[in-house]
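One structure below.
The values are calculated or read from the model by the stated rules, or taken from the named source; none is laboratory data. Computed from a predicted model, the values in this text were never measured in an experiment. Here Cβ is always computed from backbone atoms with ideal geometry, including for glycine, and neighbour counts include all displayed protein chains. Note: areas computed on protein heavy atoms with side chains; ligands, DNA, RNA excluded. Shrake-Rupley method; radii C 1.70, N 1.55, O 1.52, S 1.80 Å.
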Amino acid sequence: MKKEVIALLLAGGQGSRLGVLTKNLAKPAVLYGGKYRIIDFSLSNCINSGIETVGILTQYQPLKLNSHIGIGKPWDLDRRSGGVTILSPYLKGEAGEWYKGTANAVYQNINYVDKYSPSRIAVLSGDHVYKMDYSEMLEFHTRNNAQATISVIEVPYAEASRYGIMNATEEGRIYEFEEKPKNPKSNLASMGVYIFDWEVLKEYLVKDNDKNDSDHDFGKNIIPAMLADGKSMWAYRFSGYWKDVGTVQAYWESNMDLISRVPDFNLYDPAWKTYTPNPVKPAHYIGPEGSVKKSIVAEGCLIYGTVKNSVIFPGVYVDRGVTVEDSILMSDCVVGENARIRRSIIGEKAVIGKGAAIGEGDNIPNEIKPDVYNSGITVVGERAKVPDGAVLGKNVMVDMGAGHEDFCSLCVPSGKSVLKGGVCE
Amino acid sequence: MKNMMGLIMTGGKNNRLKELSTIRSISAIPVGGKYRAIDFVLSSMVNSGITNVGVITQYSFRSLMDHLGSGKEWDLDRRYGGLYIFPPLLSEDGSGWYRGTADAMHSNLTYLKRSNEEYVLIAQGNCVYKMIFDEMLQYHFGKDADITIAYREMYDFQPDELSLMGQIEVDGEGRIRDFQEKPLHFFSRKGSMGVYIIGKKLLISLLEECEAHGDYDFVKDVIIKKLNTLRIYGYRFEGYWRNISTVQMYYRCNMEMLDPQVQYKLFREKGKVFTKVKDEAPAKYNDEAEVRNSIVADGCIIEGIVENSVLFRGVVVQKGAVVRNSIVMQGSVLEENASLHYSILDKNVTITRGKNLKGESNWPVIVGKNMVV
């Protein structure tokens, strides 16, 4: 059955700079904003833009992502024709192979796309937080007789060297592309959102696959090759909230953006809802001594303590005398009596013991992974158990599933880590 | 439990709920921040493994049908069985409205006959409780009963509330010796919960007999008349149970949900309570929010004071607004400095800037759907 446009969502990224948060799940599956997973934004964009055929390319730790997406019901993507399809790497003939890059991932699924023989294809990154109407971008693509359209957003010049930068004419025609340039000539950064004429893209994917020296990457290989051949390529300017929540700090900040009085990123817009599987839980309850200020709180929570400047996911239990500040508490975690949590991320189903204090002391980067935990945010992994009375510093990492026996001492100073089955110094 | 089907009666007309039931069936009345009354019995059935459920509706059933849909929220969108909704059949000979509970079931005999289950569980849609029906069915078998009726010691009900339900007397064996429907004079604390288990064949023959005599009511014309000829047993239920039959009971039931023990009994033990979901973002609290002892649903935005209250989805409490001891349904808005005491706001009500509403704990003020005060 022919479709005018279909979408491929790249959801295989590990997101290694999110540390323990992506230890057993891919970056698009990371929890975000009090009830969502990051991929919900791209998926909701698809359905809100009228794209109802979506292939999701997974590779790294797909279990949670697969069960989250299921048959696509929450997004109305359970369709007789089209709908959502999870595309994981598979065996072909004798040999199987992993997706070797973003372009190779799409190359390996040419058959899936051809089944719908679309004239256009949207290639989307599944690990960004944003709301975008792809149908407007498609109209821009058609209006300009483009063969490829790349969505761009203005970033501060100081940060431009971290992105793929498009140099384009006033009307938007791209004449040069630079990947992470030292001296950027423009501040139009690629958002990882592309629309291609499918026949044109297919030709380049096949060509690229034959090159042994290629990274098989859209930004590094496909876009430059098309540009070199003088294809009609256009930059579609997007203005609005768009965040690559790729680091612990960016992730934390972006969640905190949601609690400001009038957030830049509005989740309460009835005309553009963000969909996700809803937990089967009662409305949340704030106890007689509880207090919640400048926070968002999801269903099924029981709050008997004080919560300020925080994002609380479904089913969290905050006991009496607890103070939670500037933190993210993920689904079903339990915070024991009189505990104190500051500037921390507590993973799903983690248990914080009575009287524990988390996020205390000086800002010393983590010793094992200084490039991941360096912004003063302490991260407690999924299902970890922090003992009663423990004191954890800043930039501390507690491993997924770490138990009381993994704590060598009740005092974990800033910059240290608690590893599962780890040896004490 | 594959051998038992469910039938939910959603009740006749009731003026004791005032404005709350003029636009909706009582079974569709919103409770506890995100549920409707029928969710509790429907979830209890599903949690007990019942997968074939008929819902018999009478008055104002549009909201109920909208809520239940295809039954997918309860996992009742099935190839076999699943959820059936039976509004009154307006056929050419004008049979029309159901004349009573027995008549309502008799009108849907085809459904009963076509189903494969041997036993039928009949229950009411306006009661808030959690029950595992397997245990009651085992009791039914153990007593070799013809009909088993669930009852409860209604120690926590007022005499005038008791007079709105069926009262029963059981002997040492558990057999029901007397049953009086809505008696004028109090005679027993044992109140019928309106939950019955009965063999399907027996039910069909009783309904046919009842119809042939020109009678319509399942309790008065079937159960009470057969007390001596059939083996009718009482099954004692010990747990939280409320029937939403008056404004006072509706208000009380919602307020009781603020009690963590009641919350535990209703939502955290004996399976989950399922309901239609609405894809709202989590509730948002701004700096000025002061919320204590309250239930708050998704999509609310709170900048005022909320105490001892139940807020449904998408309620907005603006700066300086005060909500105390009140129930505020979906989408209602309290503008700046408005205040609410002992009040019930139906859906999409707006209390404009600075306005005050005050009821009494035994007589809360009710504001009807879509009103602007």
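Structure data summary
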item: The lone exception for A:Asp127 - which of (1) open to solvent by 10 Å² or more (accessible area, probe 1.4 Å); (2) modelled with pLDDT of 90 or more; (3) within 20 Å of the chain's Cα centre (by Cα) it fails; result: (2)
item: Selection count where residues are over 20 Å from the mean Cα position of the chain (by Cα), at the interface with another protein chain (Cβ under 7 Å from one of its Cβ atoms) and under 30 Å from A:Ile71 (Cβ atoms), scope region A:275-286; result: 4
item: Pairs, first polar (S, T, N, Q) in region B:169-193, second open to solvent by 60 Å² or more (accessible area, probe 1.4 Å) and modelled with pLDDT of 90 or more, C-beta under 7 Å, six or more apart; result: B:Ser188/B:Glu169
item: Matching entry among B:Lys270, B:Lys265, B:Lys369, B:Lys355 (being surrounded by fewer than 21 Cβ atoms within 10 Å (Cβ to Cβ), touching an Asp or Glu at 6+ places or on another chain (Cβ under 7 Å) and more than 9 Å from chain A (Cβ to nearest Cβ)); result: B:Lys369
item: Filter result (open to solvent by 40 Å² or more (accessible area, probe 1.4 Å), in contact (Cβ under 8 Å) with a residue 24 or more places away in the chain and assigned to a loop (DSSP other than H, G, I, E, B)) within region B:199-219; result: B:Tyr216, B:Asp217
item: Verdict on A:Ser16 being modelled with pLDDT under 95, within 30 Å of A:Val380 (Cβ to Cβ), open to solvent by 10 Å² or more (accessible area, probe 1.4 Å) and out of contact with any Cys (no Cβ under 7 Å at 6 or more places or on another chain); result: yes
item: Region B:276-291 - residue that is over 27 Å from the mean Cα position of the chain (by Cα) and assigned to a strand (DSSP E or B) and, of those, farthest from the other protein chains (Cβ to nearest Cβ); result: B:Glu290
item: Conditions (1) among the charged types (D, E, K, R); (2) buried (at least 16 other Cβ atoms within 10 Å of the Cβ); (3) more than 14 Å from chain B (Cβ to nearest Cβ); (4) in contact with a strand residue (DSSP E or B) (Cβ under 9 Å, 6 or more places away or on another chain); number of the one not met by A:Arg237; result: (2)
item: Selection count where residues are assigned to a strand (DSSP E or B) and either among the acidic types (Asp, Glu) or touching a residue at least 60 places away in the same chain (Cβ under 8 Å) (or both), scope region B:40-63; result: 2
item: Pairs with Cβ under 6 Å, 6+ apart, first in region A:158-169 and more than 13 Å from A:Met191 (Cβ to Cβ), second hydrophobic (A, V, I, L, M, F, W, C); result: A:Ala168/A:Ile174; A:Ala168/A:Ala235
item: Lone qualifier among B:Arg353, B:Arg292 - being of a type in the set (Lys, Arg) and in contact with a strand residue (DSSP E or B) (Cβ under 8 Å, 6 or more places away or on another chain); result: B:Arg292
item: Strands (runs of 3 or more DSSP E) wholly inside region A:287-377 that include at least 1 residues being surrounded by fewer than 22 Cβ atoms within 10 Å (Cβ to Cβ) and within 14 Å of chain B (Cβ to nearest Cβ); result: A:291-293, A:306-308, A:323-325
item: Contacts under 8 angstrom Cβ, first residue in region B:109-128 being without any contact (Cβ under 8 Å) to a residue 60 or more places away in the chain, partner small (Gly, Ala, Ser) and part of a strand (DSSP E or B), 6 or more apart; result: B:Tyr111/B:Gly54
item: Region A:334-344, residues that are touching a residue at least 40 places away in the same chain (Cβ under 8 Å) and either within 15 Å of A:Ala402 (Cα to Cα) or basic (Lys, Arg) (or both); result: A:Arg343
item: Matching residues, region A:378-401, being part of a strand (DSSP E or B) and either open to solvent by less than 40 Å² (accessible area, probe 1.4 Å) or charged (D, E, K, R) (or both); result: A:Thr378, A:Val379, A:Val380, A:Lys385, A:Val386, A:Leu392, A:Gly393, A:Met397, A:Val398
item: Qualifying residue in region B:256-263 (condition: free of Cβ contacts under 8 Å to residues at least 60 places away in the same chain and of a type in the set (D, E, K, R)); result: yes
item: Any hit, region B:22-39, residues being aromatic (Phe, Trp, Tyr), closer than 29 Å to B:Ile344 by Cβ and either under 13 Å from the mean Cα position of the chain (by Cα) or modelled with pLDDT under 90 (or both); result: yes
item: Candidate set from region A:240-286 (those that are open to solvent by less than 10 Å² (accessible area, probe 1.4 Å) and either assigned to a helix (DSSP H, G or I) or among the aromatic types (Phe, Trp, Tyr) (or both)); member that is farthest from B:Ala37 (Cα to Cα); result: A:Val248
item: Elements of type strands (runs of 3 or more DSSP E) contained in region A:111-225, each with 1 or more residues being within 28 Å of A:Leu65 (Cα to Cα); result: A:120-125, A:128-130, A:148-154, A:164-168, A:188-197
item: Qualifying residue in region A:151-158 (condition: surrounded by 23 or more Cβ atoms within 10 Å (Cβ to Cβ) and in contact with a helix residue (DSSP H, G or I) (Cβ under 7 Å, 6 or more places away or on another chain)); result: yes
item: Among the residues listed as A:Asp213, A:Asp217, A:Asp229, A:Asp208, the single one being over 29 Å from the mean Cα position of the chain (by Cα) and under 22 Å from A:Val113 (Cβ atoms); result: A:Asp229
item: Within region B:118-154, considering residues that are in a loop (DSSP other than H, G, I, E, B) and more than 28 Å from B:Lys272 (Cβ to Cβ), the one most open to solvent (accessible area, probe 1.4 Å); result: B:Asp144
item: Filter result (touching a Pro at 6+ places or on another chain (Cβ under 9 Å), part of a strand (DSSP E or B) and under 16 Å from A:Asp133 (Cα atoms)) within region A:2-59; result: A:Val5, A:Ile6, A:Leu9, A:Thr53
item: Flag if A:Leu227 is in contact (Cβ under 8 Å) with a residue 12 or more places away in the chain and within 18 Å of A:Glu97 (Cβ to Cβ); result: no
item: Any hit, region A:58-67, residues being among the hydrophobic types (A, V, I, L, M, F, W, C), touching a strand residue (DSSP E or B) at 6+ places or on another chain (Cβ under 7 Å) and away from chain B (no Cβ under 14 Å); result: no
